[in-house]
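Below you'll find the structure, written out as structure tokens, and then a few comments.
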Amino acid sequence: MPYYPDRINEHFLNPRNVGEAREANAVGQAGSLTCGAILRLSLKIDARQQRITEAKFKTVGCGVLIASASVLTETIQEMAISRAATLGESAITDWFEDLPPDKKHCPALCREALLAALMNYHNAKREEWAGDEALICTCFCVSEKTIEQVIEARSLHTIEQVTRACHAGGGCQSCHPLIMDILDDYWRTVEAQSMHLETGKS
Ligand code: FES
């Protein structure tokens with residue numbers, strides 16, 4: 001049996017949350033070309049509470065990946081999806097304390113699979129959305145109109161500024177291309193209007 005530090009060994013030998021979440025509505029996968037490992041994460045997300053109610057995994061990988069996925073799925077149970085989207089690899093590495101240096105990619109794979117699952121969930125939600133205004137950031141429930149308003153009111157130019165102003169984009173980041181499009185559209189319109197005014201004066 002491979003030797004791992006105690007905290008890793010405990011999760012490796014008794015992995016929690018192995019399998020498929022019942023009625024999973026968010027699934028993400030990640031794989032490593034270096035070691036050939038594959039991880040599949042399935043989540044049941046309560047859409048009303050925006051919270052993960054069940055997290056399960058399946059993997060073909062080493063003991064550290066099994067233990068990392070076990071810790072991750074325990075950590076994110078009952079967690080708000082906006083918080084889960086901002087979880088770093090340190091949520092796992094800090095827990096293990098003494099992760100072998102050649103196994104640092106295992107927590108990274110877990111984070112990748114989590115982000116993939118959340119992105120798939122958010123993309124599906126955007127497609128289903130039937131509100132009057134387009135929903136851009138499903139992590140923080142921010143509409144296109146709100147984003148346009150903060151850009152105009154505060155003369156914002158970057159996604160980071162938009163996130164600081166209204167939280168949009170501060171979670172899984174799947175909405176970043178959409179926020180960028182809104183910024184580009186806004187500033188293109190402003191530029192076109194000012195050129196129009198200049199032409200009118202001359
Ligand atoms: S949809 Fe996740 S940060 Fe916007």
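Diffusion coefficient (Stokes-Einstein, Kirkwood radius over C-alpha pairs, 37 °C, 0.692 mPa s) for the chain: 176 µm²/s, rounded to a whole number. Ordering 93, 86, 189 by the number of other Cβ atoms within 10 Å of each residue's own Cβ, fewest first, gives 189, 86, 93.
For the stretch 109-196, the alpha carbon positions stretch 50, 28, 18 Å along the principal axes, listed from largest to smallest.
Of all DSSP-defined beta bridges confined to the chain, some 95% are antiparallel rather than parallel. Couplings for the stretch 52-57, taken from phi via the Karplus curve 6.51 cos²θ - 1.76 cosθ + 1.60 with θ = phi - 60°, read 7, 9, 8, 9, 9, 9 Hz in order; Gly and Pro are left as x. Restricting attention to the stretch 6-123, close to 95% of DSSP beta bridges with both partner residues there are antiparallel.
Put the Cα centre of the stretch 181-202 next to the Cα centre of the stretch 138-178 and the gap is 21 Å.
Quick note: the coordinates plus some simple rules give every number you see, no bench work behind them. Bear in mind the structure is a predicted one, so any value in this text is a computation, not a measurement. Don't worry about glycine lacking a Cβ; one is built from the backbone with ideal geometry, like all the others, and counts go over all protein chains shown.
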